[in-house]
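The next block holds one structure in the form of structure tokens; read it before the comments.
The values are calculated or read from the model by the stated rules, or taken from the named source; none is laboratory data. Owing to the predicted nature of the structure, the values given are computational and were not obtained by experimental measurement. No Cβ is skipped: glycine too gets one built from the backbone with ideal geometry, and neighbour counts run over all protein chains shown.
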Amino acid sequence: MFIGSHLSISRGYEQAGKEALRIGANTFQYFTRNPRGGRARKLDQTDMDKLRALMEENRFGPLLGHAPYTLNPASDKETVRAFAEIAMREDLARMDLLPGNYYNFHPGSHVGQGVEKGLDYIIGLLNLVLPAVQGTKVLLETMAGKGTEIGGNFEEIAAILQQVNQPEKMGVCLDTCHIHEAGYDIVKDLDGVLDAFDRIIGLDKLFAIHLNDSKNPKGAKKDRHEKIGEGTLGLSTIEKIINHEKMQSLPFYLETPNEPEGYAEEIALLRGLRNTLQTDK
Ligand SMILES: [Zn+2]
């Protein structure tokens, strides 16, 4: 089972890999730059090579680089869209130095222009940045549908994937808290939700899971993550998710409200819930 949590790379890539091992993880997610925007950390190829060796030695699953929250490719402001383009170009060029990993971003908010206009901007930006991408899969995250967020339903994600020029370079990261708050009933009908995902987007496009419990009821559209087993999804739903035949081979990334010690406990808990018929805990 590939499981990890969000970790900081502020002390370097190799250190983050060591921290992952310390908490029982075999992958991790990190912010490509400050989550509120700003510059990426200084490039250090030696440090990246050390992480690559650590990942090979410990059979890590793919890493997930997360774009900053402030990145809004669907903004009505030219300057905001321009920043999104620059940041994504830089992030993806950097991620290609450590190929085979995933880059995740929030599709964006249309801020009142309407979904169609927002989608046009997102697709336009992707068509600008994707041609240079070599070894990185670019993932759209499923959103809770807060405010004017795009990606709060499977149709909007599908629309982007269907209209970009290079869909083969892209995929989806499904956030369990977000889809629950978007109104998909994964507590009572996980199979039905996955069938809908398959019909609308295609399960072959699903590459990663953000594994979070939720503070809010289904359909709340608020986006508040909760610790595993302490929220409205609950431990039995989480157990079904990690053992589901359509998701069990994917990497799971925790973004629960925790410090590393809390993540270590959740990872141990989840490994314990992993179906005993599966050889890899
Ligand atoms: Zn996210």
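Some observations on this one:
- The one condition in (1) in contact with a strand residue (DSSP E or B) (Cβ under 9 Å, 6 or more places away or on another chain); (2) surrounded by fewer than 23 Cβ atoms within 10 Å (Cβ to Cβ); (3) of a type in the set (D, E, K, R) that Asp91 fails to fulfil: (2)
- Residue under evaluation Lys221, criteria (1) of a type in the set (Lys, Arg); (2) away from the ligand (no atom under 16 Å from the Cβ); (3) within 19 Å of the chain's Cα centre (by Cα), criterion not met: (2)
- Just one of the listed residues (Thr148, Thr176) is of a type outside the set (A, V, I, L, M) and free of Cβ contacts under 8 Å to residues at least 40 places away in the same chain, and it is Thr148.
- Among the residues making up the range 173-194, a single one is within 16 Å of the ligand (Cβ to nearest atom) and surrounded by fewer than 24 Cβ atoms within 10 Å (Cβ to Cβ): Ala182.
- Residue in the range 94-108 that is under 21 Å from Glu255 (Cβ atoms), charged (D, E, K, R) and in contact (Cβ under 8 Å) with a residue 60 or more places away in the chain present: no
- Residue in the range 148-159 that is surrounded by the fewest Cβ atoms within 10 Å (Cβ to Cβ), counting only those that are outside any strand (DSSP E or B) and within 16 Å of the ligand (Cβ to nearest atom): Glu156
Condition check ((1) of a type in the set (Val, Ile, Thr); (2) crowded, with 16+ Cβ neighbours inside 10 Å; (3) touching a strand residue (DSSP E or B) at 6+ places or on another chain (Cβ under 6 Å)) across all residues:
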{"position": "Gly229", "(1), (2), (3)": "no, yes, no"}
{"position": "Thr232", "(1), (2), (3)": "yes, yes, yes"}
{"position": "Glu245", "(1), (2), (3)": "no, no, no"}
{"position": "Thr256", "(1), (2), (3)": "yes, yes, yes"}
{"position": "Glu265", "(1), (2), (3)": "no, no, no"}
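- Residues in the range 1-54 that are of a type in the set (S, T, N, Q), crowded, with 16+ Cβ neighbours inside 10 Å and within 20 Å of the chain's Cα centre (by Cα): Ser5, Asn26, Thr27, Gln29, Thr32.
- Residue match in the range 119-140 (condition: farther than 28 Å from His6 by Cα and acidic (Asp, Glu)): yes
- Selection within the range 116-143 - within 18 Å of Val80 (Cβ to Cβ), under 20 Å from the mean Cα position of the chain (by Cα) and either more than 16 Å from the ligand (Cβ to nearest atom) or not in a helix (DSSP H, G or I) (or both): Leu119, Ile123, Leu125, Leu126, Val129, Met143
- Counted residues, the range 68-80 - those being of a type outside the set (Ser, Thr, Tyr) and out of contact with any helix residue (DSSP H, G or I) (no Cβ under 6 Å at 6 or more places or on another chain): 5
- Entry remark, the range 105-115: residues being within 16 Å of Ala158 (Cα to Cα) and within 16 Å of the ligand (Cβ to nearest atom) number 4 in total.
- All of (1) closer than 17 Å to Ile157 by Cβ; (2) among the hydrophobic types (A, V, I, L, M, F, W, C); (3) within 19 Å of the chain's Cα centre (by Cα); (4) more than 16 Å from the ligand (Cβ to nearest atom) hold for Ala74 with one exception: (4).
- Selected residue (only one of Met55, Met88 is within 15 Å of the ligand (Cβ to nearest atom), modelled with pLDDT of 95 or more and of a type outside the set (Val, Ile, Thr)): Met88
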